[in-house]
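Worksheet for the structure shown next.
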Amino acid sequence: MKIFLRKLQHSGQPLLRYSLAEIQLNDLLEKQISLSFSGQIQCVTCGISIKKSFNQGYCYNCFRTLARCDLCLVKPETCHFRKGTCREPEWGREQCLVPHVVYLSNTTGLKVGITRKHKLFERWGDQGAVCAVAICEVPERYYAGLIEVALKAQVSDRTDWRKLIKGERCEVDLLKEAERLVELLP
C-alpha cells in the first residue's frame with residue numbers, strides 16, 4: 001500500500017483512535033510494521049513534487065505566501081488578523097477568530113499551551129498528555145497567546161520529546177497548579 005504521510009488523524013474520548021489515511025493504527029499496536037521512503041515529497045497544500053519541504057510539508061512558494069506558515073502560528077501573541085494584514089483572511093477567520101482554550105497539561109512535566117476549543121482533546125492527544133485541564137476560554141487566538149506568554153514566565157510551553165519517547169513522566173497536581181497560575185494572571 002502506498003500513502004503519503006500526513007498528520008495522524010484521531011478520534012474518540014476517552015480512548016484515542018489513530019489513523020493514517022485509511023489505516024487504523026490502533027489495530028497495529030504491538031504488531032511489527034515496516035515503512036519505507038519512496039523518495040517522493042509533495043507539498044501538503046498544492047501537491048507539487050518537491051525536493052525539500054518547509055515548515056512541516058510545504059513547498060517554498062506556499063511557505064512564503066500562505067498565512068498558515070506565518071510566525072504568528074507558533075507565536076499567537078503576534079497574530080495580526082485584527083490589523084487587517086492577514087494574507088488569507090478566510091483561513092484566518094476559521095483558525096484565529098474562533099474560541100481558543102489556554103490549558104495546562106502533563107506530558108513530561110507541567111506545560112502550558114493553547115488550542116482552538118473544538119480541537120482540545122485532539123491537541124492533548126497530539127502532545128502525549130497524560131492528563132490536562134483547561135484554564136480559560138477566550139474568543140480568539142491573539143488573547144490566548146497573550147495569556148500563554150504571561151504563564152510561560154512560570155511554566156514551560158514545551159514538551160521534552162526525548163522524555164516522551166522514553167515514557168518518562170512526572171507527577172503533577174494539575175488542579176493545584178492551575179489555581180496557582182490563574183492567581184498570577186494580570
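Laboratory data are not the source of any read-out in this text; all were calculated from the coordinates shown. The structure presented is a predicted model; accordingly, all values stated were derived computationally and were not measured. Counting neighbours? That spans all protein chains shown, and the Cβs are built from the backbone with ideal geometry, glycine included.
Miscellaneous remarks
- Which listed residue is touching a Cys at 6+ places or on another chain (Cβ under 7 Å) and surrounded by 12 or more Cβ atoms within 10 Å (Cβ to Cβ), from 58, 18: 58
- Exclusive hit being within 26 Å of residue 150 (Cα to Cα), crowded, with 17+ Cβ neighbours inside 10 Å and over 17 Å from the mean Cα position of the chain (by Cα), set 81, 63: 81
- Failed criterion for residue 43 (all others in (1) surrounded by 17 or more Cβ atoms within 10 Å (Cβ to Cβ); (2) under 19 Å from the mean Cα position of the chain (by Cα) hold): (2)
- Within region 20-52, being among the basic types (Lys, Arg) and in contact with a strand residue (DSSP E or B) (Cβ under 8 Å, 6 or more places away or on another chain) holds for 51, 52.
- Residue within region 24-33 that is of a type in the set (Lys, Arg) and within 30 Å of residue 139 (Cβ to Cβ) present: no
- Pairs where the first residue, in region 49-69, is free of Cβ contacts under 8 Å to residues at least 24 places away in the same chain and the second is part of a loop (DSSP other than H, G, I, E, B) and surrounded by fewer than 14 Cβ atoms within 10 Å (Cβ to Cβ), C-beta under 6 Å, 6+ apart: 59/48; 62/46
- Residues (assigned to a loop (DSSP other than H, G, I, E, B) and among the aliphatic types (A, V, I, L, M)) located in region 28-80: 29, 33, 35, 44, 48, 66, 74
- The set of residues from region 9-49 being of a type in the set (A, V, I, L, M), over 20 Å from residue 130 (Cα atoms) and touching a helix residue (DSSP H, G or I) at 6+ places or on another chain (Cβ under 6 Å) is empty.
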